[in-house]
Amino acid sequence: MGKATGFLEYERRHEAYELPLERVKHWKEFTHALTDEDAKIQGARCMDCGIPFCNNGCPVNNIIPDFNDLVFRQDWKQAIEVLHSTNNFPELTGRICPAPCEAACTLNINSDAVGIKSIERAIIDKAWSEGWVAPQVPKLKTGKKIAVVGSGPAGLAAAQQLARAGHEVTVFEKNDRIGGLLRYGIPDFKLEKWQIDRRMRQMEAEGVTFRTGVFIGKEPLPPSINNAAKDTLSPDELREQFDAIVMAGGAETPRDLPVPGRELAGIHFAMEFLPQQNRVNAGDKLADQLLAKGKHVVVIGGGDTGSDCVGTSNRHGAKSVTQFELLAQPPQEENKPLVWPYWPIKLRTSSSHEEGCERDWSVATKRFEGRRGKVEKLIAARVEWRDGKMQEVPGSEFEMKADLVLLAMGFTQPAAAMLNAFAVDKDQRGNVRAGTDGERAYHTSVDNVFAAGDVRRGQSLVVWAIREGRQCARAVDAFLMGASELPC
């Protein structure tokens, strides 16, 4: 806990944002971290609640009351030790996690939750600036070799844990840079990519080898914005070279919208649009970049990916940005007595929405129309639930200008080519079938092949990927060595 009466004395201290009119002019992060004093006051609000539900609300089970108390006491060095004991990459979760821990905070029952996410970021930022984040090189090597396929948060967490256990770890990434969707799915204004590069240098010092531009499968994938692979290795080749393999790819198959006019130019998946800007920010030259400048942009899908499309379109200089959601508008505030400590359904307005966006709910797109093969408008209608089914509201059809349509309706499953090449069993959603308990935790149907992250659980949060990567690393270590001292 922090100060015994702190939750009564202090209000929540929020991180400051650069003004919307200023931040849309660049691609840098625009959130200003808490000062040491503000972080101390924030930590002081952590109450002696008896049962810290925030711990269970956090997928990696961060020991939140402890580091809150340490920040209140300004013992920053011990705070980062506590934070790193459960979370390999708090600079990621401190920036892009939706903070389910705060929803579970006991203070959130009838007040503003403790700003756990902002405290987490303050701790790790200070740790980096003070030089406290150093490579943890194992004293002994096991002689075991492990391949990690995929360099997103699950793959990176698994690789770092396994390297620290003394194994020789190689991370394979089909793209030209390490990071998976951290690199090419999340805009730079939410996560600047030097954050990933800095961790890579730490992991390389710990013994991790990174190999980019390598697709693991039987047949090469066709080049695309999400595949820059120049080489292909088969699963059989990996098995010959490594003692264990961790599949840690993302859920990369986007949900499509099969309506008339879908074939028109100007209609793209979000993950065609967002990675291009990240590549340009990294210095790449793209001949035909998708740009929203001067266009009427319609984003279909109301989640985080859709929000990222909104923020990117505004920075391009879009003429207008509209975001549609199929489901009904959530309530402004959740019914806390009913849902606490679980993640509530309520209206969430992102920083990208604040930069300029019209939002609409209960809207279904019926068709796209255009001329000369190019989309110019979409025809939509309002929907409602009747008799247990979603039905169109009679007479509600309307049309909207649309020069660029971005489909951001989520992802259905991992890339089937890799899963088929490994011949692993799949669940009914097309993900790798692997449990999380018992002696075969994270073990696929194929001997010595494991799976963690979105490839196993489906589309999820970065913090869940880190948790699965850590737990999978422990399972692999135990499989190879008979027992494991790695934390889970």
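The values are calculated or read from the model by the stated rules, or taken from the named source; none is laboratory data. The shown structure was predicted, so the numbers you read here are calculated from the model rather than taken from an experiment. All Cβ positions, even for glycine, are placed from backbone atoms using ideal geometry, and neighbour counts span all protein chains on display. Accessible surface areas use protein heavy atoms only, side chains included; no ligands, DNA or RNA. Shrake-Rupley method; radii C 1.70, N 1.55, O 1.52, S 1.80 Å.
A few remarks follow.
- When E439, E384 are checked against the criterion of being under 27 Å from F269 (Cα atoms) and outside the structural domain of L83 (by the TED database), E384 stands alone in meeting it.
- Taking the criterion of being on the phi > 0 side of the Ramachandran plot and either within 23 Å of the chain's Cα centre (by Cα) or in contact (Cβ under 8 Å) with a residue 40 or more places away in the chain (or both), the only residue of segment 97-140 that qualifies is A99.
- Filter result (farther than 21 Å from E102 by Cβ and among the aliphatic types (A, V, I, L, M)) within segment 5-36: L19, L21, V24
- Segment 30-52 - residue that is part of a loop (DSSP other than H, G, I, E, B) and touching an Asp or Glu at 6+ places or on another chain (Cβ under 7 Å) and, of those, most open to solvent (accessible area, probe 1.4 Å): A33
- Residues located in segment 338-354, provided they are open to solvent by less than 40 Å² (accessible area, probe 1.4 Å), assigned to a loop (DSSP other than H, G, I, E, B) and within 26 Å of I379 (Cα to Cα): L347
- Test: residue in segment 470-487 that is in contact (Cβ under 8 Å) with a residue 40 or more places away in the chain, closer than 23 Å to M271 by Cβ and not assigned by the TED database to the domain that holds N61: no
- Residue match in segment 8-29 (condition: more than 30 Å from F189 (Cα to Cα), surrounded by 20 or more Cβ atoms within 10 Å (Cβ to Cβ) and modelled with pLDDT under 95): no
- The single condition among (1) open to solvent by 30 Å² or more (accessible area, probe 1.4 Å); (2) touching a residue at least 24 places away in the same chain (Cβ under 8 Å); (3) polar (S, T, N, Q); (4) under 29 Å from A113 (Cβ atoms) that N335 does not meet is (2).
- Of all residues in segment 444-458 being out of contact with any helix residue (DSSP H, G or I) (no Cβ under 7 Å at 6 or more places or on another chain) and either β-branched (V, I, T) or crowded, with 20+ Cβ neighbours inside 10 Å (or both), the one that is farthest from T253 (Cα to Cα): T444
- Looking only at segment 246-274, and only at residues there that are assigned to a loop (DSSP other than H, G, I, E, B) and aliphatic (A, V, I, L, M), the one that is surrounded by the most Cβ atoms within 10 Å (Cβ to Cβ): A248
- Search result, residues across segment 220-255 that are within 21 Å of L181 (Cβ to Cβ) and either at pLDDT 90 or above or of a type in the set (D, E, K, R) (or both): K230, I245, V246, M247, A248, G249, G250, A251, E252, T253, P254, R255
- Once segment 382-399 is narrowed to residues that are among the small types (G, A, S) and more than 33 Å from the chain's Cα centre (by Cα), the residue that is farthest from R359 (Cα to Cα) is G395.
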